[in-house]
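The next block holds one structure in the form of structure tokens; read it before the comments.
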Amino acid sequence: MKKLVGIFLAIACVGSVAKAQKLSINKVLVAVKTAFAKLHPNMKADWEMENKDYEAGFLANGKKTTEVY
């Protein structure tokens, strides 16, 4: 029984990680890029699509940070 629970949890974790898709900057909506640039001028982000939301991953004060738009 414990093995089944462990296998189920492993599959659930892999499935949730697989949902996010990396995007090139060209595929991010202009409005989203503009909103990010307004809040974080001169900051570069790695973009992902998570469900229907855009997620920006970047370093702020040396810490990994994400914002969802």
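Any read-out appearing in this document is the output of simple, stated calculations on the displayed coordinates, not a laboratory observation. Just so it is clear, the structure is predicted and the values come from calculations on it, not from any experiment. In this analysis, Cβ positions are derived from the backbone assuming ideal geometry, glycine residues included, and neighbour counts consider all displayed protein chains.
Label-to-label distance for Gln21 and Glu50 is 1.7 nm, based on points extended 7 Å past Cα in the beta-carbon direction.
Within the straight-line cut-off of under 15 Å between alpha carbons, the aspartates and glutamates reachable from Lys33 are Asp46, Glu48, Asp53, Glu55, Glu67, sequence neighbours fewer than 8 places apart in one chain being disregarded. In order along segment 45-54, the Karplus-derived 3J(HN,Hα) couplings, from 6.51 cos²θ - 1.76 cosθ + 1.60 at θ = phi - 60°, round to 10, 9, 9, 9, 9, 10, 6, 10, 9, 8 Hz, and Gly and Pro are given as x.
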